Amino acid sequence: MRRRTGLVLAPLAFATLLAAPLPGLSPQAHTLAAVATTVVVLWITEAIPLAVAALLGPALAVVLGVTSAEVALAPFADPLIFLFMGGFMLAGGLSRQGFDRRAALWLLARPALAGSPARALAAIACISFAFSMWLSNTATTAMLIPVALGLVATMKEAGGDDPATKQGLTRYGGGMCLTLAYAASIGGTATPIGTGPNVIALGMIEDSMGVRFDFLEWMTFALPTALVMLAIVVALAVRRFPAPMRRIERLEHEVVRQLDALGPIGAGERRAVAVFGLAIAGWLSPSVLKLVLGAGHPVAAWAKTSLDEGVVAIVCASLLFVLPSGKPSGRGELAPRLLRWEDAQTIDWGTLFLLGGGLALGRMTFDTGLAHAIGHGLLNVAGPIAAHPAGLMAASVLLVVFLTEVTSNTATTSMMLPVLIGLAQAGDTNPIPTVVAVTLAASYAFMLPVSTPPNAMAYGTRMIRIDAMLAFGIRLDLIGYLVLMLTGLVLLHLSV
């Protein structure tokens with residue numbers, strides 16, 4: 001029903017806004033308002049694929065004379081897009097060589113778990129968090145859900161035939177799957193490449209204010225916030241989804257068995273990890289060199305201009321197609337590489353188009369003056385709440401936390417940030433703290449299976465009931481709101 005409604009509402013909104021008098025706007029801003037509203041309706045209703053709607057917006061803007069094709073389509077080649085593309089390929093290289101599953105099982109096999117279900121839940125959540133800092137949260141969840149289900153199956157075998165025990169372990173298993181899904185969403189906020197909204201925010205901040213965050217600068221506030229939220233999620237999950245027994249002797253042995261079945265680590269895994277480590281070093285080098293040598297040092301200046309994050313990602317991803325995996329090849333054939341182009345073709349190109357479309361619409365709203373006009377209009381309507389930086393932050397973060405439950409987090413960020421930046425600038429306040437808090441909030445969707453792909457995968461195990469997910473999720477939404485407000489207020493204080 002929502003999609004059918006979108007197919008009618010989108011063209012109706014376009015025609016209405018195009019015909020309606022909108023005083024104070026230039027002809028280009030007026031037309032862009034109709035185009036942007038149409039795209040937002042298509043995003044919210046998902047009447048057509050999100051990536052297609054993102055491509056349609058800039059194309060319509062060119063056809064209707066808002067700007068030129070060179071300007072409208074340039075954001076699709078923004079360095080941030082190549083940063084995300086390279087990140088996808090690096091993740092693909094690790095996955096193709098099997099290192100991701102090996103690392104997860106190795107960490108779960110540590111003696112510190114000691115057969116404890118509670119510690120196993122906490123460990124798999126931490127693994128999910130750590131992986132999703134660098135990999136897609138969807139890929140991380142897809143990789144770890146089978147590991148979690150294998151652990152729960154082992155616990156059920158060790159628990160005997162008692163129905164109450166099996167039912168308790170099913171509830172515990174659902175909690176484990178849900179917790180690792182939430183941890184993947186939270187972990188994505190900790191680095192610039194962890195999730196799409198981060199890329200959108202960084203691009204819009206640079207376009208509208210000329211301020212550029214490097215890897216280390218983003219992580220200085222995003223990583224502590226994410227760690228606090230992870231600790232809260234794990235603590236609540238352990239209490240809400242307890243296992244019916246405190247210790248299972250066979251749990252550790254099962255993980256070791258699965259790890260042994262993988263065999264010794266291969267040359268391909270070591271080389272893929274080395275390439276990934278090289279990329280991380282390249283991403284962090286400009287910040288580290290600036291801190292150690294000073295911003296004026298020639299080496300630090302070179303790193304700042306030459307080691308662009310997108311360039312580093314593409315160079316390191318290209319190495320995956322060059323370095324051999326160490327696996328045997330057929331006679332007369334080229335040795336297999338760490339990553340094949342056939343594998344690279346399966347990366348999430350739709351997300352890249354969605355990011356490019358979001359950046360394009362955001363840039364055009366600033367160029368045409370539409371964002372500034374919307375900001376002044378909302379400032380007049382909202383009055384003192386929006387005029388105060390803390391009030392604007394509180395209202396916008398709360399809106400996004402619940403809006404992203406039913407819409408794509410990348411689409412939500414794309415349509416909200418230009419308005420918020422314009423609103424803050426109209427009130428002569430620094431928009432960066434609000435933009436950061438709202439961007440992080442776009443990944444705090446914990447209530448519904450449809451909110452994120454990780455949520456859907458956890459619910460798809462049929463081990464968690466929808467009412468339990470809603471009850472746990474709404475509590476996390478509200479706690480997450482408080483955590484984000486604390487982060488935002490600290491950033492607001494530091495920016496004064």
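The values are calculated or read from the model by the stated rules, or taken from the named source; none is laboratory data. Owing to the predicted nature of the structure, the values given are computational and were not obtained by experimental measurement. Counting neighbours? That spans all protein chains shown, and the Cβs are built from the backbone with ideal geometry, glycine included. All accessible areas refer to the heavy atoms of the entire protein, side chains included, with ligands and DNA or RNA removed. Shrake-Rupley method; radii C 1.70, N 1.55, O 1.52, S 1.80 Å.
General observations
- Projected label points at LEU262 and MET245, each 7 Å from Cα along the beta carbon direction, are separated by 2.6 nanometres.
- The lysines whose alpha-carbon is closer than 19 Å to the alpha-carbon of LYS166, local same-chain residues fewer than 8 away aside, are LYS156.
- Approximate spin-label separation VAL322-ALA77, in nm, with each point projected 7 Å along Cα-to-Cβ: 2.3 nm
- The dipole here belongs to the stretch 251-323: it is taken about the Cα centre, uses +1 on the Cβ of Lys and Arg and -1 on the Cβ of Asp and Glu, and is about 320 debye.
- Seen from a random direction on average, the alpha-carbon convex hull of the stretch 1-48 projects onto 3.0 square nanometres.
- Solvent-accessible area of ARG119 with every protein chain in place, 1.4 Å probe, in Å² to the nearest 10: 130 Å²
- Per residue, the solvent-accessible area of the chain (1.4 Å probe, heavy atoms of protein chains only, all protein chains present) comes to 42 Å².
- In the assembled protein chains, ASP367 presents an accessible area of approximately 110 Å² (probe radius 1.4 Å).
- Among (1) 73, 58, 47; (2) 127, 57, 47; (3) 119, 57, 50, the entry derived from the coordinates for Cα extents along the principal axes in Å: (1)
- Ordered by solvent-accessible area of protein heavy atoms (1.4 Å probe), largest first, the residues ILE421, ILE347 come out as ILE347, ILE421.
- Heavy-atom accessible surface of the stretch 1-133: percent carbon and sulfur, 1.4 Å: 73 percent
- Overall form of the stretch 127-174 per C-alpha gyration tensor (a/c, 1.5; a/b vs b/c): prolate
- In this simple spin-label model, placing a label point 7 Å from the Cα along the Cα-to-Cβ direction at both ASN430 and TRP349 gives a separation of 4.2 nm.
- Long-range amide H partners of ARG337 with built H, under 5 Å: SER325
- GLU206 exposes around 80 Å² of accessible area when a 1.4 Å probe is run over every protein chain in place.
- For peptides 180-193, 261-274, sequence by mean Cβ density within 10 Å, most packed first: 180-193, 261-274
- Per-residue ellipticity at 222 nm from helix content only, as computed over the chain with -39500 (n - 2.57) for each DSSP H run of at least four residues, stands at -24500 deg cm²/dmol.
- The packing ranking of peptides 287-294, 169-176, highest mean first, is 169-176, 287-294, where packing means the average number of other beta carbon atoms within 10 angstrom of each residue.
- FRET efficiency estimate (nearest 0.05) - Cβ-Cβ, ALA142 to ILE48, R0 22 angstrom: 0.30
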